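Q: Please find one structure pasted underneath; my questions will follow.
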Amino acid sequence: MKNSVIFDLDGTLWEVIESTYKSANIIANKYDLKEISKDTICKVFGLNREESARLYFPDMELNESTKLIDEIAIINIENLKNNGGNVYPNVKEVLNKLVNKYDLYIVSNTAEIEYIRAFLKSSDTKEWFKNYIAASSLNISKSDAIKKVIDDNKIEKAVYIGDTKIDLEAAYANNIPFIQAKYGFGENLNTDYSINEIKELLGVLKKIFKD
């Protein structure tokens, strides 16, 4: 059985700041709400649906703000399907090398599985991933989503690659190594393993799996 590499999505494989900013403010304008800044957009990546709603619309009841989050997601996913997102440089090249040696998975906190599929279409990498989970769509935490991937696929050895403290905590909760993508949205976590660009991943995985 191959060793497994599980990826976070936002801030690890791509970033979609511009698309999300436009989509969020289409809804803000629709309901005559104040503009949602790009700074707020960047803080939301990696959060679940409820956490995102509180950041976007802090003065609104949660049951109302989550409905607006869903409206934003619909617009954003459609835009990303049609126009793609900003896939980080060399992602496809690196994944093409990894897939011959490792089983690849994605675990994201997004509430929409179609969001992950928009990435797979944008990057033309769908066939390389054995499975992918949108944690919030299942109403589970990111750590539970990683556990589900591990259990469902009978994974024996894995690493998780992400960019935020939430990602680190989710990996450690499952007793697997964590690699921080320092080019993403998180602060420097002083982790044992990190990469400044995706091309460095090949060497780091060799160290972890000793292969």
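Q: Would you mind finding the one in Asn29, Asn90, Asn82, Asn25 that is over 23 Å from Ile113 (Cα atoms), free of Cβ contacts under 8 Å to residues at least 60 places away in the same chain and of a type in the set (S, T, N, Q)? Walk me through how you get there before you give the answer.
A: Working: Asn90 fails: free of Cβ contacts under 8 Å to residues at least 60 places away in the same chain; Asn82 fails: over 23 Å from Ile113 (Cα atoms); Asn25 fails: over 23 Å from Ile113 (Cα atoms).
Matching residue, one of Asn29, Asn90, Asn82, Asn25: Asn29.
Q: Restricted to segment 191-211, and to residues that are over 20 Å from the mean Cα position of the chain (by Cα) and either farther than 16 Å from Lys157 by Cβ or loosely packed, with under 13 Cβ neighbours inside 10 Å (or both), which residue is modelled with the lowest pLDDT?
A: Checking each candidate, the answer is Asp211.
Q: Also: Have a look at Ile155, Ile113, Ile179 and point out the one that is free of Cβ contacts under 8 Å to residues at least 40 places away in the same chain and buried (at least 19 other Cβ atoms within 10 Å of the Cβ).
A: Testing whether each residue is free of Cβ contacts under 8 Å to residues at least 40 places away in the same chain and buried (at least 19 other Cβ atoms within 10 Å of the Cβ) leaves just Ile179.
Q: Can we say Tyr31 is surrounded by 22 or more Cβ atoms within 10 Å (Cβ to Cβ), out of contact with any helix residue (DSSP H, G or I) (no Cβ under 6 Å at 6 or more places or on another chain), more than 24 Å from Pro89 (Cα to Cα) and of a type in the set (Ser, Thr, Tyr)?
A: Here the answer is no, as Tyr31 does not meet what is asked.
Q: Now, a different point. Can you tell me which residue is nearest to the chain's Cα centre (by Cα) among those in segment 135-148 that are crowded, with 21+ Cβ neighbours inside 10 Å and either under 16 Å from Lys92 (Cβ atoms) or among the small types (Gly, Ala, Ser) (or both)?
A: Taking segment 135-148 first, the residues crowded, with 21+ Cβ neighbours inside 10 Å are 135-136, 142, 145-146.
Filter again for either under 16 Å from Lys92 (Cβ atoms) or among the small types (Gly, Ala, Ser) (or both), leaving 135-136, 145.
Values: Ala135: 10, Ser136: 12, Ala145: 12 Å.
The qualifying residue nearest to the chain's Cα centre (by Cα) is Ala135.
Q: Go through the residues of segment 53-60 one by one and say whether even a single one is free of Cβ contacts under 8 Å to residues at least 40 places away in the same chain, out of contact with any His (no Cβ under 7 Å at 6 or more places or on another chain), more than 13 Å from Ser137 (Cβ to Cβ) and among the hydroxyl-bearing types (Ser, Thr, Tyr). Give the steps one after another, and end with the answer.
A: Filtering segment 53-60 down to residues free of Cβ contacts under 8 Å to residues at least 40 places away in the same chain leaves 53-60.
Adding the requirement that they be out of contact with any His (no Cβ under 7 Å at 6 or more places or on another chain) leaves 53-60.
Subset that is more than 13 Å from Ser137 (Cβ to Cβ): 53-60.
Now narrow it down to the ones that are among the hydroxyl-bearing types (Ser, Thr, Tyr): 56.
Looking for residues that are free of Cβ contacts under 8 Å to residues at least 40 places away in the same chain, out of contact with any His (no Cβ under 7 Å at 6 or more places or on another chain), more than 13 Å from Ser137 (Cβ to Cβ) and among the hydroxyl-bearing types (Ser, Thr, Tyr), one finds at least one in segment 53-60, hence yes.
Q: Return yes when Tyr172 is of a type in the set (Ser, Thr, Tyr) and touching a helix residue (DSSP H, G or I) at 6+ places or on another chain (Cβ under 8 Å) and no when it is not.
A: no
Q: Determine whether Asp70 is surrounded by fewer than 22 Cβ atoms within 10 Å (Cβ to Cβ), within 19 Å of the chain's Cα centre (by Cα) and without any contact (Cβ under 8 Å) to a residue 40 or more places away in the chain. Outline the logic, then answer.
A: Details: surrounded by fewer than 22 Cβ atoms within 10 Å (Cβ to Cβ): yes; within 19 Å of the chain's Cα centre (by Cα): yes; without any contact (Cβ under 8 Å) to a residue 40 or more places away in the chain: no.
Considered against the rule, which asks whether it is surrounded by fewer than 22 Cβ atoms within 10 Å (Cβ to Cβ), within 19 Å of the chain's Cα centre (by Cα) and without any contact (Cβ under 8 Å) to a residue 40 or more places away in the chain, Asp70 comes out as no.
Q: If you take just the helices (runs of 4 or more DSSP H) that sit entirely in segment 110-177, which of them hold at least 3 residues that are under 25 Å from Val99 (Cβ atoms), in the same structural domain as Ile72 (by TED's automatic domain parsing) and modelled with pLDDT under 95?
A: Because the criterion is at least 3 residues that are under 25 Å from Val99 (Cβ atoms), in the same structural domain as Ile72 (by TED's automatic domain parsing) and modelled with pLDDT under 95, no helices (runs of 4 or more DSSP H) in segment 110-177 meet it.
Q: Could we say that Lys34 is more than 30 Å from Phe209 (Cβ to Cβ), basic (Lys, Arg) and in a helix (DSSP H, G or I) here?
A: Here the answer is no, as Lys34 does not meet what is asked.
Q: Let me ask something else about it. Regarding Glu127, is this residue without any contact (Cβ under 8 Å) to a residue 40 or more places away in the chain and over 24 Å from Leu168 (Cα atoms)?
A: yes
The values are calculated or read from the model by the stated rules, or taken from the named source; none is laboratory data. As the structure is a computational prediction, the values presented were derived from the model and not from experiment. Neighbour counts run over all protein chains shown; Cβ positions are idealised from the backbone, glycine included.
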